[in-house]
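The structure appears below as structure tokens.
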Amino acid sequence: MGVAFPAWEPHPEVWLLVGLVVVGYWIAIVRLGPSLAPDRERPVSARQLTWFALGVVAMWVASDWALIFSTVRLRRGSAGRTRATV
């Protein structure tokens with residue numbers, strides 16, 4: 001017996017949150033970075049930018065395709081065991 005993998009559903013609030021994180025990081029790089037970074041250095045390295053992008057993608061996927069179990073109802077079986085039904 002298995003439970004079906006939950007289908008993806010769009011979550012605009014997650015998109016807004018991820019967008020705000022990206023815009024905030026961009027503002028920090030463009031506006032604050034040049035004034036706070038040591039002379040002639042880039043405020044963010046390519047490696048840091050890559051890790052940030054991967055973190056944003058991971059956050060977006062984990063938040064937008066959340067594995068919540070509110071759609072799974074527990075039902076008593078004939079032997080008194082609890083089993084999940086969708």
Study note, to complete from the structure: Cβ pairs under 8 Å, 6+ apart or interchain, first in region 18-37 and of a type outside the set (Ser, Thr, Tyr), second in a helix (DSSP H, G or I), ordered by first then second residue, are Val18/Val56; Val18/Met59; Val18/Trp60; Val18/Ser63; Val21/Val56; Val21/Met59; Val22/Val56
Practice item. Could you check, for region 61-83, whether at least one of its residues is at pLDDT below 85, in contact with a Gly (Cβ under 7 Å, 6 or more places away or on another chain), of a type outside the set (S, T, N, Q) and not in a loop (DSSP other than H, G, I, E, B)? Key: yes
Exercise for review: Tell me, please, whether a residue that is in contact with a helix residue (DSSP H, G or I) (Cβ under 9 Å, 6 or more places away or on another chain), surrounded by 12 or more Cβ atoms within 10 Å (Cβ to Cβ), modelled with pLDDT of 70 or more and assigned to a helix (DSSP H, G or I) can be found in region 30-46.
Suggested key: no
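The values are calculated or read from the model by the stated rules, or taken from the named source; none is laboratory data. Nothing here was measured: the structure is a model prediction, and the numbers come from that model. Note: ideal-geometry Cβ built from the backbone for every residue, glycine included; neighbour counts use all protein chains shown.
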